[in-house]
1. Could you list all residues from the stretch 68-102 that are surrounded by 12 or more Cβ atoms within 10 Å (Cβ to Cβ) and part of a loop (DSSP other than H, G, I, E, B)?
2. Please go through the stretch 48-67 and pick out each residue that is part of a loop (DSSP other than H, G, I, E, B) and either open to solvent by 70 Å² or more (accessible area, probe 1.4 Å) or modelled with pLDDT under 95 (or both).
3. Say we look at the stretch 16-47 and pick out the residues that are open to solvent by 50 Å² or more (accessible area, probe 1.4 Å), touching a helix residue (DSSP H, G or I) at 6+ places or on another chain (Cβ under 9 Å) and part of a loop (DSSP other than H, G, I, E, B); which of these is farthest from A78 (Cα to Cα)?
4. Scan the stretch 6-26 for residues that are of a type in the set (G, A, S) and either under 17 Å from the mean Cα position of the chain (by Cα) or at pLDDT below 90 (or both) and jot them down.
Amino acid sequence: MPHADQDRDFQRAARDLLEAAVRKGAAAPRDLAYLADRIAVAEGRPQEYGTQFTMPDRCTLIMRPVDSREQVNRRRQALGMPSLEEYEAEGRKHMIPADCAGKTN
């Protein structure tokens, strides 16, 4: 259970603690972004930072829904994270096998 995905209450409590740590400068904002998005996806809500993907097959990487790509890119920039477009490209580069090249994803 590396992400405690079966324990939403724990994740929410961890998010609250992480938010406080980020405000104090004691934690990385991007860690909060990943946890917040994980919780949002699990609860059926759009992501705020676009950190979560799904792979319906080995050649396809799909970003889970976000509220607005424009807003997400602004939030990501504020945290020093790459744009959604850059993040998606990196994800495809690292997650999609080379023999999938040229296939739609």
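1. The answer is L79, M81, P82, S83, I96.
2. E48, R58, R64, P65, D67
3. E43
4. Filtering the stretch 6-26 for residues of a type in the set (G, A, S) gives 13-14, 20-21, 25-26.
Result: A14, single match.
The values are calculated or read from the model by the stated rules, or taken from the named source; none is laboratory data. None of these values were measured; they are calculated from a predicted model. Here the Cβ is made from the backbone with ideal geometry for all residues, glycine too, and neighbour counts use every protein chain on show. Accessible surface is based on the protein model in full, side chains and every heavy atom, while ligands, DNA and RNA are left aside. Shrake-Rupley method; radii C 1.70, N 1.55, O 1.52, S 1.80 Å.
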